[in-house]
Amino acid sequence: MIHTAHIFTQLKNAEYHRLLRLAGARITSDGEVRFNNLTEKGIRSIRAYQQRGDPLVFYWCELVINLNRVAMGGKQTPHPYIATEENKSKLKEHFREFINELLPARTDLSKWNVKRIDYTFDIKIPNVKEYIALLQRGDKPFGMHIDNSEQHKSEMEKTHYKNSVRYKNKSCTVNIYDKFEERKQIAAYPPPLLEECRDILRVEIQCRSRKVQSIGKNIGGKRFFDYLLSEDRQRAIVGYYLSRIGGKGNYYTLKEACEIVEKSHCPRLSKKQTEKFLTTANRYKSVWKTKALYRKESASKILARLRRLNINPVTIPRRWKKRALQSFYTQIFLSEQENAENGSKRAI
């Protein structure tokens, strides 16, 4: 599923100067032309500008669009866009209709290029707040750091925003949040739509230019519709990051997790090392901060051992008064066969 796309195309001189003369145009001091008259249709940002070369001048237009709202003819909806053939036709048709007044020669959406695209997955699951709290204590993808602009601290001291998990690097941002709480902050958001967001864990992979180029190489495409990947491909992208952050094992209290380790067939020393890692992760409330205390090889071995036992290295706080929670990853992303191969059959 897809939420937002940032797309661009090159303009001719006459097209750019035509935009300057249109009603509703806001012109900045550096010659940018901006419009916001299509926001309610799902085209949230319209920006045209010139790029001076030597000796030529190039003209560009960039749009930020909510795909599902455009496909629905401007109707507001809490759901992301699903790239079916029917929905692609609706998206093409309504984009052509909406953009025609501004850029009559650029109404073919298939000829636009992609600068950023947000792949989205909505997971209907109870205990959303609990799962987010567990994800906040989890691991993080290699090369990423916590994205919290309100905190000017070292990485080891940073914490996540309330009700969300955000990591980023130069290529993309991973944003996992309580959709209901996020939509509650939007002024005048329709109550019926808000209610549809209850018990939804939203996962967004916001792919910027570098990630877009990487995906383009893999799919052999450059134009907009090339990036409307199949649901399976999108699921693989989302699943990759979710597994790096939240793992695939079931959640237990520290006591329960250590009991499973004790009952396993691991050597005595391995059991002690694993239980110590679980205890440290419980104390620091973070898997990746705990990993930083270990040599890479040692931490990798312990985490691999926990995966074989189907134990998540994140443990459930005692105050929740719950002994176990099933991994939402296995509920959503693994087939029954993969789930059976994933380790322990312990009932939870």
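The values are calculated or read from the model by the stated rules, or taken from the named source; none is laboratory data. Everything numeric here is computed off the predicted structure, so don't read it as measured data. Counting neighbours? That spans all protein chains shown, and the Cβs are built from the backbone with ideal geometry, glycine included.
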Exercise. Sort out which residues of the stretch 69-127 are outside the structural domain of N175 (by TED's automatic domain parsing), surrounded by 14 or more Cβ atoms within 10 Å (Cβ to Cβ) and at positive phi, and write them in order of number.
Key: G74
Practice problem: Scan the stretch 5-26 residue by residue and report those that are in contact with a helix residue (DSSP H, G or I) (Cβ under 7 Å, 6 or more places away or on another chain) and either modelled with pLDDT under 90 or at positive phi (or both). | Solution: A25
Practice problem: Kindly provide the set of residues from the stretch 271-289 that are of a type in the set (V, I, T) and out of contact with any Asp or Glu (no Cβ under 9 Å at 6 or more places or on another chain), ordered by number. | Solution: T274, T279, T280
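Mind listing just one residue for me: the one in the stretch 260-293 that is among the hydroxyl-bearing types (S, T, Y) and assigned to a loop (DSSP other than H, G, I, E, B) and, of those, surrounded by the most Cβ atoms within 10 Å (Cβ to Cβ)?
First, the residues of the stretch 260-293 that are among the hydroxyl-bearing types (S, T, Y): 264, 270, 274, 279-280, 284, 286, 290.
Checking the rest, the ones that are also assigned to a loop (DSSP other than H, G, I, E, B) come to 264, 286.
Working: S264: 16, S286: 21.
Among them, the one singled out is S286.
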Exercise. Filter the stretch 190-229 down to the residues that are out of contact with any helix residue (DSSP H, G or I) (no Cβ under 8 Å at 6 or more places or on another chain) and among the acidic types (D, E), then identify the one that is nearest to M144 (Cα to Cα).
Key: E204
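Return yes when H152 is at pLDDT 90 or above and surrounded by fewer than 15 Cβ atoms within 10 Å (Cβ to Cβ) and no when it is not. Let's see the steps before the verdict.
Working: at pLDDT 90 or above: no; surrounded by fewer than 15 Cβ atoms within 10 Å (Cβ to Cβ): yes.
Judged against the criteria, H152 is not a match.
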Quiz prompt | One residue from T290, T279 being hydroxyl-bearing (S, T, Y), touching a Lys or Arg at 6+ places or on another chain (Cβ under 9 Å) and at pLDDT 85 or above | solution = T290
Quiz item: From the residues in the stretch 210-244 that are farther than 22 Å from V174 by Cα and not in a helix (DSSP H, G or I), which one is modelled with the highest pLDDT?
Solution: R223
Self-check item: So T253, is it crowded, with 16+ Cβ neighbours inside 10 Å and at pLDDT 95 or above
Solution: yes
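Rundown of residues vs (1) under 26 Å from A188 (Cα atoms); (2) of a type in the set (S, T, N, Q), yes/no style:
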{"position": "I2", "(1), (2)": "yes, no"}
{"position": "G31", "(1), (2)": "no, no"}
{"position": "E40", "(1), (2)": "yes, no"}
{"position": "Q51", "(1), (2)": "no, yes"}
{"position": "V64", "(1), (2)": "yes, no"}
{"position": "K75", "(1), (2)": "yes, no"}
{"position": "H79", "(1), (2)": "yes, no"}
{"position": "T84", "(1), (2)": "no, yes"}
{"position": "E97", "(1), (2)": "no, no"}
Exercise. All but one of (1) modelled with pLDDT of 95 or more; (2) within 30 Å of the chain's Cα centre (by Cα); (3) surrounded by fewer than 15 Cβ atoms within 10 Å (Cβ to Cβ) hold for I311, so report the exception by its number.
Key: (3)
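From K272, K263, K222, grab the single residue that is over 20 Å from the mean Cα position of the chain (by Cα) and under 30 Å from D108 (Cα atoms).
Numbers: K272 fails: under 30 Å from D108 (Cα atoms); K263 fails: under 30 Å from D108 (Cα atoms).
K222 is the lone residue from the list that is over 20 Å from the mean Cα position of the chain (by Cα) and under 30 Å from D108 (Cα atoms).
Suppose we filter R183, R166 for residues that are crowded, with 17+ Cβ neighbours inside 10 Å, closer than 23 Å to V212 by Cβ and not hydroxyl-bearing (S, T, Y); which single one remains?
Numbers: R183 fails: closer than 23 Å to V212 by Cβ.
R166 is the lone residue from the list that is crowded, with 17+ Cβ neighbours inside 10 Å, closer than 23 Å to V212 by Cβ and not hydroxyl-bearing (S, T, Y).
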Quiz item: Can you name the residue in the stretch 70-116 that is within 24 Å of the chain's Cα centre (by Cα) and free of Cβ contacts under 8 Å to residues at least 12 places away in the same chain and, of all such residues, is nearest to R235 (Cα to Cα)?
Solution: T84
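Being in contact (Cβ under 8 Å) with a residue 60 or more places away in the chain and within 20 Å of T77 (Cβ to Cβ) is the requirement here; does Q185 meet it? Spell out the reasoning first.
Details: in contact (Cβ under 8 Å) with a residue 60 or more places away in the chain: no; within 20 Å of T77 (Cβ to Cβ): yes.
No, not satisfied.
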Quiz item: Scanning for something at pLDDT 95 or above, among the β-branched types (V, I, T) and not in a helix (DSSP H, G or I), does the stretch 315-324 turn up at least one residue?
Solution: yes
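Return the residue satisfying two criteria in turn: it lies in the stretch 28-68 and is of a type in the set (G, A, S) and touching a strand residue (DSSP E or B) at 6+ places or on another chain (Cβ under 9 Å), and of such residues it is surrounded by the fewest Cβ atoms within 10 Å (Cβ to Cβ).
Residues of the stretch 28-68 of a type in the set (G, A, S): 29, 31, 42, 45, 48, 53.
Retained after the next criterion (residues that are touching a strand residue (DSSP E or B) at 6+ places or on another chain (Cβ under 9 Å)): 31, 42, 45, 48.
Working: G31: 12, G42: 26, S45: 14, A48: 25.
By that ranking, first place goes to G31.
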